[in-house]
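Each reported figure results from applying straightforward, stated rules to the coordinates on display, with no laboratory input. As the structure is a computational prediction, the values presented were derived from the model and not from experiment. Cβ placement follows ideal geometry from the backbone for every residue including glycine, while neighbour counts extend to all protein chains displayed.
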Amino acid sequence: MDFAYSKRCEDLRERLLAFMDAHVYPNERRYKDEVDRNGREHGNRWIPTEVVEELKPVARAAGLWNLFLPKSSRAPEGLSNLDYAPLCEIMGRIPWAPEIFNCSAPDTGNMETIERYGSEQNKRDWLEPLLRGEIRSAFAMTEPDVASSDATNISTRIERDGDSYVINGRKWWISGAGDPRCKIFIVMGKTDPDAARHSQQSMILVAADTPGLNILRPLPVFGYDDAPHGHCEIVFDNVRVPASNMLLGEGRGFEIAQGRLGPGRIHHCMRAIGTAERALELMCKRLDSRFAFGRKISEQGVWRERIAESRIMIDTARLLVLKAADMMDTVGNKVAKTEIAMIKVLAPNVAQQIIDWAIQAHGAGGVSDDFPLAQLWAHNRTLRLADGPDEVHRNAIAKLELAKHVSLLGESLQLPITRS
């Protein structure tokens, strides 16, 4: 396997690094202050920040836009998974940076879903404004009343009524639902409870202003509300949408999820590696600027061991992510399912450990808002649950490995599609 970056990727990487240095890192404090000021002055933290809106046209003019979507005539700038990996990693060093380049979750996964499975009308109505960065979107799958780590538990009903579908149910941890720019939801629900286990679910498009779609509350993550993006609990109360909003057809929700969550998972892992790199950089700088017991903390053996271990862990995770990306490009998501599951376990855990060491290196400052580490820790910790918890992915990996050597009669080897 040759993981050398293409010439185009190298060029974009250099431009992206320069853009981050010139426009993103210097605005970290401004971003936080804007969100807080909106809450104080307007009583509304859910107002989009000026700094991100200002930087979007700058990024687009620099050719750093819609880099995530491969093989789409509507996004010719889209890269292969392998070429996108180092760029996504760089964006992942700051949680809000991907939006500047129109490469943030859940929009990337939703755009890919509509591109692959939507009708031409769906694409004109929703994909094109998403690609232009005019609107945002949400993906509604997880539910509060069932263990969503097994997506067959999902109980939201999508029932046909003439030329419409009527949706009833409750969802939570719906990322982006609190953003006033969120105009379209992709909703997973049950259309036929009597069908075969993996044919009961469907996915359908729901406009955010549809009567009966009610946002109940934002859900904070370790105290962070992540405004203006947010994660919300929502209710669908007799929400009626046109039958043409059904993606691909009834009973094909699992099929769509397999296509959507593969790229979504690897993007999370790419960003997690960027987060880990940022934490390691901050850790090294802090350790070299502080003295304890007569010498720099960076000269103490325990910290050199942790720095070395961090570098080993990051490079290990990156190589496995690149392998998965290469396989997705060459043999497809289905064949790469083991590698996708492995990186989904490995990358967030690597980042979590390195962030934790970086917090320790900063002392009390590490848990404050004076440094980005506490927020990085909270944000990254969710990745061990989002798009499938560690336990489900480990179970899938084990079954795939066992199947090479022993009989697993009666056990499904399907890649989990959970998004808890």
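Nearest 10 degrees is fine. How inclined is helix 81-91 to the longest principal axis of the chain, computing both from alpha carbons? For helix 81-91, the angle is close to 60 degrees. Calculate how many DSSP beta bridges within the chain are antiparallel, expressed in % of all such bridges and rounded to the nearest 5. For the chain, the DSSP antiparallel bridge percentage is about 85.
What does the C-alpha gyration tensor say about the overall shape of region 136-247? Classify as rounded when a/c is under 1.5, otherwise prolate if a/b is larger than b/c, or oblate.
oblate
In region 82-196, the C-alpha radius of gyration followed by the widest Cα-Cα span (Dmax) gives 16.0, 48 angstrom.
Volume per residue of the convex hull around the Cα atoms, evaluated for region 274-420, comes out as 123 Å³. For region 7-118, the relative contact order works out to 25 percent when only alpha carbon pairs closer than 8 Å and six or more residues apart are counted. Here's the list of lysines a cross-link from Lys404 could span, going by alpha-carbon distance under 29 Å and ignoring same-chain residues fewer than 8 apart: Lys323, Lys334, Lys337, Lys344. Spatial offset of region 1-39 relative to region 268-289 amounts to 14 Å, using the alpha carbon center of each.
Distance distribution P(r), region 130-202, all Cα-Cα pairs, bin width 5 angstrom from 0: 3, 16, 22, 21, 17, 12, 7, 1, 0 percent.
Straight-line reach from Lys171: taking Cα to Cα under 18 Å and skipping same-chain neighbours fewer than 8 places apart, the lysines in range are Lys183, Lys190.
Note on region 341-380: Rg/Rh from C-alpha atoms, Kirkwood Rh, equals 1.06.
Applying 1/(1 + (r/R0)^6) with R0 = 30 Å to the Cβ-Cβ distance of Glu50 and Thr210 gives a FRET efficiency near 0.55.
If you look at the Cα atoms of the chain, you get an Rg and a Dmax of 21.5, 79 Å. Would you mind calculating the relative contact order of the chain from Cα pairs under 8 angstrom and at least 6 residues apart, reporting the percent as a whole number? 15 percent.
To make sure I understand, if each residue's beta carbon is the centre and we count other beta carbons within 10 Å, what order do Phe101, Phe293, Phe3 fall in, fewest to most?
Listing Phe101, Phe293, Phe3 from fewest to most nearby Cβ atoms yields Phe293, Phe3, Phe101.
Which residue fluctuates most in the GNM of the chain (Cα springs below 10 Å): Ser202, Ser289, Ser104? Answer for the Gaussian network model of the chain: Ser289. Here the scattering of region 213-359 is modelled by Debye summation over its C-alpha atoms, one equal scatterer each and no solvent; at q = 0.10, 0.11, 0.17 Å⁻¹ the log10 of I(q)/I(0) is -0.56, -0.65, -1.06.
Residue exposure proxy: Arg290, Arg265, ordered by other Cβ atoms within 10 angstrom of their Cβ from fewest to most, comes out as Arg290, Arg265. Region 172-197 and region 348-386 have their alpha-carbon centroids 30 Å apart.
Using a Gaussian network model of the chain in which every pair of alpha carbons under 10 angstrom is joined by a spring, one finds that among Leu16, Leu287, Leu261 the greatest mean-square fluctuation is at Leu287.
Straight Cα distances below 21 angstrom link Lys296 to the lysines Lys285, with same-chain residues fewer than 8 positions distant left out.
The alpha carbon gyration tensor of region 308-357 gives principal lengths a ≥ b ≥ c with a/c of 1.5 or higher and a/b greater than b/c, which makes the shape prolate. Label region 7-118 by shape, choosing from rounded, prolate and oblate, from the square roots a ≥ b ≥ c of the eigenvalues of the Cα gyration tensor; if a/c is under 1.5 it is rounded, and otherwise prolate applies when a/b is larger than b/c, oblate when it is not. Note, shape of region 7-118 comes out oblate.
Over all directions, average the projected area of the Cα convex hull of region 306-392 and note it in nm².
If you wrap the Cα atoms of region 306-392 in a convex hull and average its projections, you get 6.1 nm².
Relative contact order for region 254-402: 30 percent, from Cα pairs under 8 Å spaced at least 6 residues apart, divided by residue count. Relative to its residue count, region 283-337 spans a Cα convex hull of 74 Å³ per residue.
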